[in-house]
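Asks: After the structure tokens below, expect a handful of questions from me.
The values are calculated or read from the model by the stated rules, or taken from the named source; none is laboratory data. All values derive from a computational prediction rather than experimental measurement. Every residue, glycine among them, receives a Cβ derived from its backbone with ideal geometry; neighbour counts consider all protein chains shown. Note: accessible area is taken over every heavy atom of the protein model, side chains too, but ligands, DNA and RNA are not part of it. Shrake-Rupley method; radii C 1.70, N 1.55, O 1.52, S 1.80 Å.
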Amino acid sequence: MNSNNKMTLRREQIMNIIRRSPITTVNQLAHELSVSKETIRKDIQYLAERDLILRIHGGVSPKEIS
């Protein structure tokens, strides 16, 4: 599996985790996915820029769908 496929799969996993919980922390995501906190922060930045999640103090939450 190449690195782009791994990144895409990891971001899908992040979205699934975030959807299950009202607030998810960087530490929780890093632990659950066995990657560094820096990697999670980059993924969170990517997902937030695409308006898929909300960044909040202490973590992230799912984007409210209206």
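Asks: Between residues in segment 42-66 that are closer than 18 Å to residue 7 by Cα and residues that are surrounded by 13 or more Cβ atoms within 10 Å (Cβ to Cβ) and of a type in the set (Gly, Ala, Ser), which pairs lie under 9 Å by C-beta distance while being six or more apart or on different chains?
Replies: 44/59; 53/61
Asks: Of all residues in segment 22-66, count the ones that are assigned to a strand (DSSP E or B) and polar (S, T, N, Q).
Replies: 2
Asks: Let me ask something additional. Restricted to segment 24-49, and to residues that are under 13 Å from residue 63 (Cβ atoms) and open to solvent by 20 Å² or more (accessible area, probe 1.4 Å), which residue is nearest to the chain's Cα centre (by Cα)?
Replies: Taking the candidates together, the pick is 48.
Asks: Looking at residue 18 and the list (1) out of contact with any Pro (no Cβ under 9 Å at 6 or more places or on another chain); (2) surrounded by 11 or more Cβ atoms within 10 Å (Cβ to Cβ), which single condition is not satisfied?
Replies: In the conditions (1) out of contact with any Pro (no Cβ under 9 Å at 6 or more places or on another chain); (2) surrounded by 11 or more Cβ atoms within 10 Å (Cβ to Cβ), residue 18 misses (1) alone.
Asks: Something else now. Answer with yes or no whether residue 66 is modelled with pLDDT of 95 or more, over 11 Å from the mean Cα position of the chain (by Cα) and exposed (fewer than 13 other Cβ atoms within 10 Å of the Cβ).
Replies: No, not satisfied.
Asks: Any residue in segment 4-21 that is among the polar types (S, T, N, Q), in a loop (DSSP other than H, G, I, E, B) and at pLDDT 95 or above?
Replies: Checked against the condition, which is being among the polar types (S, T, N, Q), in a loop (DSSP other than H, G, I, E, B) and at pLDDT 95 or above, segment 4-21 yields no hits at all.
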